[in-house]
Amino acid sequence: MALSYYFIVNPKSGSSANIAGVRDLRDYLRSGDCKVHLELTRSLEHAGELAHQAMAAEVEVVVVAGGDGTVRTVVDAMVGSDLPILIIPCGTENLLACELGLDGLLKTTIHTLEHGLLRNLDLGQADGKHFMAILGVGFDAEVVRRVHSQRSGHITPAGYIWPICRTFWEHRFPHLRVEADGQLLCDEPAMVFVSNISRYAIGLGISRAADFGDGMLDLCIYKCNSHLRLISHAAQTALGTSDKNKMVIRRKCQNISISSPEPGARVQLDGDPGPSLPLDIEVIPTAVKVLTPPPPGHNQYHPPVRFYHLRRWLLR
């Protein structure tokens, strides 16, 4: 019996090479007598609608080609479904795809479809809104707000440079009160990250121990009240030595509460502007099913997927 696939493709994500890869995968599957239904998204809301149509169509696999925003919308619509999701990364950072070991190359995608592993993916939930990768409060959320306020199309890494510089000089570190599983951990100026995966933008290891399938969220609090301390935190995080800093708190937990006595503290969810404080955050274990590549053989070289563009060049 031929398998059936439902493709949800964001045509505005990535380059023409990404779209060509999606077309090549479609043609490969059809050459093997598989049934392929392909839909292009018109908006993020439309991507969610297509996900519901895919579940109603009783297909075997949903293939999502797009950036983290498109993927999150489809995942959000499919919470509680046992239908496998395969991601073809086409965005700027592709945090979840990189965490799963997916680089977007046709060879990797076919290998994942034919020999991959079906794994559970937890989600975080903040005031009813889901996130797959990371929630941030404070500095990075302000950067995200600036990027999206001037966005006119596809976001590139260069589009973050000026917002980061402006935020660095103008940011006032908000006073944050953070509780995790009923324990008060912070009540002072800080930056907060709640992670479901182990990587962040440009490969920063903010929560290296995070596991998307362990039924827990990884909380990281950087106590920070000055630009000098921000520089110190950034340097230590890049060098992997922030665990030794007493101004950094890390916990694995299931429920988190974040509030502030000051107005205006920003929140971001997976690189998009998020809801306002106060926030009640919880983990949703085994929310959806995702396909990942099998472990590489002993003699195979696989550069880390976080070096996304390098990996694409090396493995072509």
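Below is a table of values for the structure above.
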read-out	value
Single residue of the stretch 190-208 satisfying the filter (among the aliphatic types (A, V, I, L, M) and modelled with pLDDT under 90) that is surrounded by the fewest Cβ atoms within 10 Å (Cβ to Cβ)	Ile202
Residue within the stretch 55-73 that is in contact (Cβ under 8 Å) with a residue 60 or more places away in the chain and either assigned by TED's automatic domain parsing to the domain that holds Ile164 or over 27 Å from Pro163 (Cβ atoms) (or both) present	yes
Criterion violated by Pro295 - all others in (1) at pLDDT below 85; (2) part of a helix (DSSP H, G or I) satisfied	(2)
Residue tally, condition in a loop (DSSP other than H, G, I, E, B) and of a type in the set (D, E, K, R), over the stretch 260-292	3
Failed item, numbered, when Ser257 is tested on (1) part of a loop (DSSP other than H, G, I, E, B); (2) touching a residue at least 40 places away in the same chain (Cβ under 8 Å); (3) of a type in the set (Gly, Ala, Ser)	(1)
Single unsatisfied condition, Thr70 versus (1) touching a Phe, Trp or Tyr at 6+ places or on another chain (Cβ under 6 Å); (2) buried (at least 17 other Cβ atoms within 10 Å of the Cβ)	(1)
Total residues in the stretch 228-241, condition assigned to a helix (DSSP H, G or I) and either outside the structural domain of His171 (by TED's automatic domain parsing) or loosely packed, with under 13 Cβ neighbours inside 10 Å (or both)	4
Any hit, the stretch 255-266, residues being farther than 20 Å from Ala287 by Cβ, crowded, with 20+ Cβ neighbours inside 10 Å and among the charged types (D, E, K, R)	yes
Counted residues, the stretch 32-60 - those being surrounded by fewer than 22 Cβ atoms within 10 Å (Cβ to Cβ), among the hydrophobic types (A, V, I, L, M, F, W, C) and in contact with a helix residue (DSSP H, G or I) (Cβ under 7 Å, 6 or more places away or on another chain)	3
Members of the stretch 260-283 that are farther than 27 Å from Gly91 by Cβ and either without any contact (Cβ under 8 Å) to a residue 40 or more places away in the chain or charged (D, E, K, R) (or both)	Glu262, Pro263, Pro278, Asp280
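For every residue, the table says whether it meets (1) among the aliphatic types (A, V, I, L, M); (2) farther than 16 Å from Tyr222 by Cα; (3) touching a residue at least 12 places away in the same chain (Cβ under 8 Å); (4) touching a strand residue (DSSP E or B) at 6+ places or on another chain (Cβ under 6 Å).
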{"site": "Ile87", "(1), (2), (3), (4)": "yes, yes, yes, yes"}
{"site": "Leu102", "(1), (2), (3), (4)": "yes, yes, yes, yes"}
{"site": "Thr112", "(1), (2), (3), (4)": "no, yes, yes, yes"}
{"site": "Arg119", "(1), (2), (3), (4)": "no, yes, yes, yes"}
{"site": "Val143", "(1), (2), (3), (4)": "yes, yes, yes, no"}
{"site": "Ala180", "(1), (2), (3), (4)": "yes, no, yes, yes"}
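The values are calculated or read from the model by the stated rules, or taken from the named source; none is laboratory data. Because the structure is a prediction, the values reported are computed rather than measured. Cβ atoms come from the backbone with ideal geometry, glycine included; neighbour counts cover every protein chain shown.
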